[in-house]
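Novice: First the structure, then my questions, so here it is.
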Amino acid sequence: MRAVISAGSNMEDSRAHLQSVADEFAAELLDASSIYATAPWGGVEQPDFLNQSFLIETDSDDPYSLLARCQRLEQQANRVRDVRWGPRTLDVDIIDFEGYRSDDPELTLPHPRAHLREFVLVPWLEIDPHAKLLDRPVSEILAELEPQGVRKL
């Protein structure tokens, strides 16, 4: 199954945290986007994030096992969830799992706010120019968004 994972960090060594995601999925990695600097989302005063997307091919058809791996990476980076949309060492989200749809509060797929976030769509489109989100081309969704200050590094 193909999956798109988005990772972000704005604490400690953000590049190293993003590299830990690439390392975890190295055997399954089809492509990794460039790293992008992004203004924080959600109105909490904090440094800019570094964001990167990963396109992987996994043998598992279980998105919950992928979620467990993502959460393990966050735990290894000592992720703290004190403030919603606050600063974090590492945030790893499954954006899409080959069109799988779920309204489960533990794992909503596709990611419920992906269509609003330039920092998710721009790197995703870089690694998968024909990507679709809820049956719409990601390029169309991105074209409808107001610029959000995503900068390729």
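Values quoted throughout were computed directly from the atomic coordinates according to the rules given, and no laboratory measurement underlies them. If you're wondering where the values come from, they're calculated on a predicted model, not measured in any experiment. Here the Cβ positions follow ideal geometry from the backbone for every residue, glycine too, while neighbour counts run over all protein chains shown.
Novice: Cβ under 11 Å from VAL44's Cβ, VAL44 left aside: what net charge do those residues give with Lys, Arg +1 and Asp, Glu -1?
Specialist: So the environment of VAL44 carries a net charge of 0.
Novice: Shape verdict for the range 32-121, please, from the Cα gyration tensor: rounded (a/c under 1.5), prolate (a/b greater than b/c) or oblate.
Specialist: Cα axes put the range 32-121 in the prolate bin.
Novice: When the chain is fully extended, how far beyond the present Cα-Cα distance does LEU107 get from ALA22, taking 0.36 nm per residue of separation?
Specialist: 28.5 nm
Novice: Quote to one decimal, in nm, the extra length available between GLN75 and LEU153 on full extension: 0.36 nm per residue of separation minus the C-alpha distance between them.
Specialist: Extending this stretch completely gives an extra 25.4 nm.
Novice: Among the complete DSSP H segments of the chain, which ones combine at least 15 Å of alpha-carbon extent along their axis with a mean Kyte-Doolittle hydropathy of -1.0 or more?
Specialist: Flagged H segments are 14-24, 63-76.
Novice: While we're on this one: Give, as a single signed number, the net charge of other residues whose beta carbon lies under 14 Å from the beta carbon of GLY149, with Lys and Arg counted +1 and Asp and Glu -1.
Specialist: Residues close to GLY149 contribute a combined charge of 0.
Novice: Here's another thing I want to ask about it. Can you give me the distance in nm between label points at ASP48 and LEU29, each placed 7 Å from the Cα along the Cα-to-Cβ direction?
Specialist: Here the answer is 2.3 nm between the modelled labels.
Novice: Is the chain rounded, prolate or oblate when judged by the Cα gyration tensor, a ≥ b ≥ c being the square roots of its eigenvalues, rounded requiring a/c under 1.5 and prolate requiring a/b larger than b/c?
Specialist: The shape class here is rounded.
Novice: I need the calculated FRET efficiency for the pair GLU140 and ASP62, taking r as the beta carbon distance and R₀ as 25 Å, to the nearest 0.05.
Specialist: FRET efficiency, GLU140 to ASP62: 0.25.
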